[in-house]
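Student: Here's a structure for you.
The values are calculated or read from the model by the stated rules, or taken from the named source; none is laboratory data. Since we're looking at a predicted model, the values are computed, not measured. We place every Cβ from the backbone using ideal geometry, glycine too, and count neighbours over all the protein chains shown.
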Amino acid sequence: MIRRVVLLLALSLAACGSHERTGPNLAAAHSYSGLTCAPFARALTGLALSGDAADWWEQASGRYARTSQPAVGGVLVFRRTGRLPSGHVSVVSRVLDERHIHVIQANWVPDELDEDQLIVDVSPGNDWSAVRVWYPPIDQMGSHTYATYGFIVPPAPLGHDALASRAAPAARSVTGG
């Protein structure tokens, strides 16, 4: 009995030190003090946009392709809400099907970089105007629906492997870490 308790304690402590995710959120999370979404997405994608994430949609008009359908390397732009007063941006890392994507995003969980995190289109017209986002601290889909503008596509979007290999350096470059 004591061996079982010791084994369970050891396993639980090992899990505490890990940021490895399970379920639809495939990759590990990494902490970067001061990491925010817009500077990170700019560093990762090369989009020459600035200011609040929600302002990117209008700034992209006439400069970059904007679409209602996800593409790897594209940036999903969230509208301002009470929960997201500056909006939010996420970079598409995989398109799983017409309603499910994975993203690389900064600061959905404060100061955290998450890779291959699930986002689900819940809009009635399948136009990605309303989404739900996987929330790592509870290891399941978040309960809130967020309004989005759509996707901004860089001129030369990166593929999954390039995005994944450049995510941590992009986070370090914007945080000085």
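Student: Which helices (runs of 4 or more DSSP H) does the range 1-108 wholly contain that include 1 or more residues that are modelled with pLDDT of 95 or more, surrounded by 15 or more Cβ atoms within 10 Å (Cβ to Cβ) and not small (Gly, Ala, Ser)?
Tutor: 37-45, 56-60
Student: Right, residue 167: touching a helix residue (DSSP H, G or I) at 6+ places or on another chain (Cβ under 7 Å) and more than 19 Å from residue 64 (Cβ to Cβ) or not?
Tutor: Criteria met by residue 167.
Student: Another one. Looking at residue 112 and the list (1) in contact with a Ser or Thr (Cβ under 8 Å, 6 or more places away or on another chain); (2) at pLDDT 95 or above, which single condition is not satisfied?
Tutor: Exception for residue 112: condition (2).
Student: Here's a check for you: in the range 140-177, which residue that is of a type in the set (Ser, Thr, Tyr) and closer than 17 Å to residue 103 by Cβ is surrounded by the fewest Cβ atoms within 10 Å (Cβ to Cβ)?
Tutor: Of everything passing the filter in the range 140-177, 165 is surrounded by the fewest Cβ atoms within 10 Å (Cβ to Cβ).
Student: Here's another thing I want to ask about it. In the range 44-83, which residue that is polar (S, T, N, Q) and touching a residue at least 12 places away in the same chain (Cβ under 8 Å) is farthest from residue 133 (Cα to Cα)?
Tutor: 50
Student: For residue 119, indicate whether it is under 20 Å from residue 29 (Cβ atoms) and modelled with pLDDT of 95 or more.
Tutor: Here the answer is yes, as residue 119 does meet what is asked.
Student: Okay, moving on. Determine if the range 97-108 includes at least one residue that is basic (Lys, Arg), touching a helix residue (DSSP H, G or I) at 6+ places or on another chain (Cβ under 9 Å) and touching a residue at least 24 places away in the same chain (Cβ under 8 Å).
Tutor: For the range 97-108, residues basic (Lys, Arg), touching a helix residue (DSSP H, G or I) at 6+ places or on another chain (Cβ under 9 Å) and touching a residue at least 24 places away in the same chain (Cβ under 8 Å): absent.
Student: Name the one entry in 167, 156, 147 that is among the hydrophobic types (A, V, I, L, M, F, W, C), within 15 Å of residue 45 (Cβ to Cβ) and not in a loop (DSSP other than H, G, I, E, B).
Tutor: Every option except 167 fails the conditions.
Student: Shifting gears a bit: Applying the selection to the range 115-134, what residues are of a type in the set (S, T, N, Q) and under 15 Å from residue 67 (Cβ atoms)?
Tutor: Listed by number, the residues that qualify are 123, 126, 129.
Student: State whether one or more residues within the range 116-128 are among the acidic types (Asp, Glu), under 24 Å from residue 48 (Cα atoms), in contact with a Phe, Trp or Tyr (Cβ under 9 Å, 6 or more places away or on another chain) and in contact (Cβ under 8 Å) with a residue 40 or more places away in the chain.
Tutor: No, there is no match, as no residue in the range 116-128 is among the acidic types (Asp, Glu), under 24 Å from residue 48 (Cα atoms), in contact with a Phe, Trp or Tyr (Cβ under 9 Å, 6 or more places away or on another chain) and in contact (Cβ under 8 Å) with a residue 40 or more places away in the chain.
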